[in-house]
Amino acid sequence: MQRTTSNSAPRVLPGARAALAGTIGWLALGAALAADSPSPVSQAQFGGQCAEGLAQGRHVVTDCSVSWTDKDGKVYCFSSEGSKKAFLENPTQNLQKARDFIAASSVESTEKSMQDYDGSDAEKVVKRVIGATAEANGGIFPLQDALDGAQLKLVFDGIDFTRTIDGYGFFPDVKFHDQADAQKRYLIDFWVAPGNGQLQVQEIRIYKAPVKSDGSWQLTAREPIPWWWIPASEHPGKVANKRGWEVMSAVEQSALSAQAKNNGIFKLKDDKTGQMLDLQFIDTHQPIRQLDENGHYFACTDFRVAGTTSQIYDIDFWIDDKNGTMTVVQTKVHKVPELKDGQWVQVPRYSWKDLGSSHVVP
C-alpha cells in the first residue's frame with residue numbers, strides 16, 4: 001500500500017481535538033464561500049452544509065443564502081427553499097438524522113484516511129510539534145495539568161511507543177521529565193488523526209505522572225485512564241464488545257469540539273439556576289452505564305470552572321446509539337462546587353440511581 005505524507009507543518013487544534021474529522025473537507029469548502037453569504041457560513045452549523053441533505057445522508061455545500069435560525073440562535077443552511085421546507089416539516093427528527101450522518105461519516109472517513117499513514121508518520125508530527133513549541137519556550141514544553149490546573153515545564157525525552165485504533169487515529173506515548181527535577185517523569189499521550197490532507201494533533205493528555213512514594217518519585221497511571229487505553233489490542237478492528245470506550249470517545253469529542261469553538265471554553269447553561277457556565281474539560285469517569293428503560297448510555301465527566309484550579313463541576317452526558325454511532329443527546333449539571341470549611345467540594349443535585357435501573361457497560 002502506498003503511503004503519502006504531508007510536507008506542510010502539522011496543525012495543533014486549539015484546546016483539544018477538531019470537530020468531526022470526516023467532514024473537514026466539506027467544512028473547509030463551505031468556509032470558502034463565507035465572504036458572499038447573507039448568513040455567514042462561519043457562523044452556521046455543519047460548516048454551511050445543507051441540513052436537509054445531511055438528514056438524507058448526503059453532503060451538499062451551500063452559500064447559506066437560504067437559512068433557518070432556531071430558538072437557540074443557531075443558523076442552519078439549505079441548498080434551496082424546497083429543502084428548507086422539507087427539513088422544517090420535522091426539524092427535531094431531521095436534525096438528529098443530520099447529526100447521526102455527520103458522526104458516522106467521521107469514523108468511516110478517518111479509518112479510510114488512516115490508510116495513507118502509519119505510526120511513524122504520527123511520531124514525526126508529534127516530534128515537530130514538541131520541537132517547535134520547545135523552541136518558542138526556551139527549550140521547555142509547557143503543559144497545563146488538567147487535574148489541578150498546574151502549569152508544567154517539561155523536557156522531552158523521546159517517544160516510548162505508538163498505538164493505533166482504526167477509525168480513531170494514532171496515539172504516541174511520549175516521555176518527558178520536569179525541568180526542575182529529572183526524577184519527576186511523565187508519560188503523555190498525543191492523539192493524532194488525519195484531517196484536511198495531513199495528520200493533526202487532536203488532544204494532549206497525561207497518562208502517567210510522578211507520585212511521591214517512600215521518598216522517591218514513582219511513575220503512576222492516572223485514574224481514570226484515557227479512553228484510548230481501554231481497547232485490549234492495538235488493532236481492535238470491529239469487535240462487538242467495545243461500547244464503553246466508544247461512549248467515552250463520543251463524549252470527549254463532543255465536549256472538546258464545543259470547547260475548541262469557544263476559545264477553549266465549554267459553555268453550558270445551568271438548567272437549575274439559568275447561569276451560563278464557562279468550563280474546561282478534565283476527564284470522563286469510569287465505568288459507563290446504560291439505562292435499562294431506553295437504552296441510552298450515561299457518562300459522568302469533570303469540568304473545571306475556567307480560571308480556577310479547584311472548582312469542579314460533575315456534568316452528565318446522555319448518549320444514544322444510532323445505527324452503531326454514538327451521539328450525545330443531552331447534557332446536564334450533576335454536581336456543583338460549593339465552598340465548605342475553606343475547601344471546594346462537589347455537592348450532588350441527584351444520583352444516577354434516580355434515573356432508573358441501569359447496568360455497567362464493559
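The values are calculated or read from the model by the stated rules, or taken from the named source; none is laboratory data. Everything numeric in this text was worked out from a predicted model, so none of it was measured. Cβ coordinates were reconstructed from backbone atoms using ideal geometry, including for glycine residues, and neighbour counts include every protein chain displayed.
A few points about this structure:
- Qualifying residues in region 304-360 (those that are of a type in the set (Lys, Arg) and out of contact with any Lys or Arg (no Cβ under 8 Å at 6 or more places or on another chain)) - the one surrounded by the most Cβ atoms within 10 Å (Cβ to Cβ): ARG304
- A single member of PRO224, PRO194 is surrounded by 22 or more Cβ atoms within 10 Å (Cβ to Cβ) and more than 17 Å from ASP160 (Cβ to Cβ), and it is PRO194.
- When residues of region 296-336 are limited to those that are among the hydroxyl-bearing types (Ser, Thr, Tyr) and in a strand (DSSP E or B), the one modelled with the lowest pLDDT: THR325
- Inspection of region 126-134 identifies no residue that is within 22 Å of the chain's Cα centre (by Cα), closer than 19 Å to ARG222 by Cα and among the aliphatic types (A, V, I, L, M).
- Within region 174-213, the set of residues being at pLDDT below 95 and of a type in the set (Asp, Glu) comprises just one member, GLU203.
- When region 46-57 is filtered for residues that are surrounded by fewer than 19 Cβ atoms within 10 Å (Cβ to Cβ) and either farther than 16 Å from ILE102 by Cβ or under 24 Å from the mean Cα position of the chain (by Cα) (or both), only GLY57 remains.
- Residue selected from region 338-353 under the condition assigned to a loop (DSSP other than H, G, I, E, B) and of a type outside the set (Ser, Thr, Tyr), by the criterion nearest to PHE298 (Cα to Cα): ARG349
- With respect to (1) within 22 Å of SER310 (Cβ to Cβ); (2) at pLDDT 85 or above, the lone exception for GLY274 is condition (1).
Each row is one residue, and each column tells you yes or no for (1) in a helix (DSSP H, G or I); (2) crowded, with 18+ Cβ neighbours inside 10 Å.
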| position | (1), (2) |
| --- | --- |
| LEU95 | yes, yes |
| THR110 | yes, yes |
| MET114 | yes, yes |
| ALA122 | yes, yes |
| ASN137 | no, no |
| PRO142 | no, no |
| PHE170 | no, yes |
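- Residue identified as more than 22 Å from PHE161 (Cβ to Cβ), of a type in the set (A, V, I, L, M, F, W, C) and modelled with pLDDT under 90 among LEU279, LEU256: LEU256
- Restricting the first member to region 143-168 and to residues that are farther than 25 Å from PHE303 by Cβ and among the polar types (S, T, N, Q), and the second to residues that are in a strand (DSSP E or B) and at pLDDT 95 or above, the beta-carbon pairs closer than 6 Å and six or more apart or on different chains are THR162/PRO172.
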